[in-house]
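To start, the structure under review is shown below, and the notes come after it.
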Amino acid sequence: IEEAGKNKPLDYLAEEFKVTPEDCLTFSYTSGTTGPPKGAMISQKNFTSFMAAEAMHNDTAFGPDDVVLSYLPLPHILEREFDYSIWHKGGRVVYFSGDVQKLKDDLAIVKPTVFLSVPRLFSRFYDVLKQKFKELQGFTKTALEYALNSKLENLKKNGSFTHKVYDRIFFAKTKEALGGRCRLMISGSAPLLPEVQHFLKVVLCAPLVEGYGQTESTGAILFSTANDPSVKQVGGPVVFLSLFSV
């Protein structure tokens, strides 16, 4: 094969090999929840527009030091667009072991700085952590409940999800649920329950933002901000340079 290539080299600068913004980069498949799955033709410009828009959100923008654990299906737009955005900024995407039941172990190894997931898993984290809190007794339980309620009150007042004292004493261990260094959580594909969103923000000490979009629009068209304490909403429009090109 190598010799055949040497005997007939291809000129990648030739006109037939040039890529244009309107060229289809990939087929991205819908989940099929509203009918048979459809393969949307996503262009080069679709993805570059999303990456440009993502970079404009300073409070959630990715950087070269970011690490993401990828476990959502790659044929779907949610995982694909965020993987491309991380690569674009020079960050790292680590693919999970292949067994969702071992995701806890993968998180402990990878220690992601950004965690992209769906409400079903975030609700699972909520249930597990709430159960662990219920099992506490005596002064420890009383002190933790006070710290938790205090942080929830601050969150609803001013959007603050960290506390210099309480985080070090009570929530250092809960942060380990996502590996210990997560700075941003992102949820998409379905609505996130308000109590889950509030609780995870304060016990994991990181913003949890939501987005809404469709496969045909290259994913997120609405996105909340990191310091917004309100819930039951998915923020304002993502600033796309070009919405559609297919």
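The values are calculated or read from the model by the stated rules, or taken from the named source; none is laboratory data. Keep in mind the model is a prediction, meaning the values are calculated, not measured. So basically every Cβ, Gly included, is an ideal-geometry build from the backbone, and we count neighbours across all protein chains shown. What goes into the accessible areas is simple: the full protein's heavy atoms, side chains included, and nothing from ligands, DNA or RNA. Shrake-Rupley method; radii C 1.70, N 1.55, O 1.52, S 1.80 Å.
Annotations
Residues checked against (1) over 25 Å from F50 (Cβ atoms); (2) assigned to a loop (DSSP other than H, G, I, E, B); (3) out of contact with any helix residue (DSSP H, G or I) (no Cβ under 6 Å at 6 or more places or on another chain); (4) open to solvent by 40 Å² or more (accessible area, probe 1.4 Å):
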| position | (1), (2), (3), (4) |
| --- | --- |
| N154 | yes, no, yes, yes |
| K157 | yes, no, yes, yes |
| C182 | no, yes, yes, no |
| L192 | no, yes, no, no |
| E195 | yes, no, yes, yes |
| E210 | no, no, yes, no |
| E216 | no, no, yes, yes |
| D228 | no, yes, yes, yes |
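- Residue list for region 159-176, filter: assigned to a helix (DSSP H, G or I) and hydroxyl-bearing (S, T, Y): Y166, T174
- Reported count of residues in region 28-49, each being surrounded by fewer than 16 Cβ atoms within 10 Å (Cβ to Cβ) and either modelled with pLDDT of 90 or more or assigned to a helix (DSSP H, G or I) (or both), is 1.
- In summary, I109 fulfils each of the numbered conditions (1) at pLDDT 95 or above; (2) assigned to a loop (DSSP other than H, G, I, E, B); (3) open to solvent by 40 Å² or more (accessible area, probe 1.4 Å) with the single exception of condition (2).
- Residue satisfying all of: in region 69-102; among the hydrophobic types (A, V, I, L, M, F, W, C) and open to solvent by less than 10 Å² (accessible area, probe 1.4 Å); modelled with the highest pLDDT among these: L69
- Residues (open to solvent by less than 10 Å² (accessible area, probe 1.4 Å) and not in a loop (DSSP other than H, G, I, E, B)) located in region 50-67: F50, A53, V67
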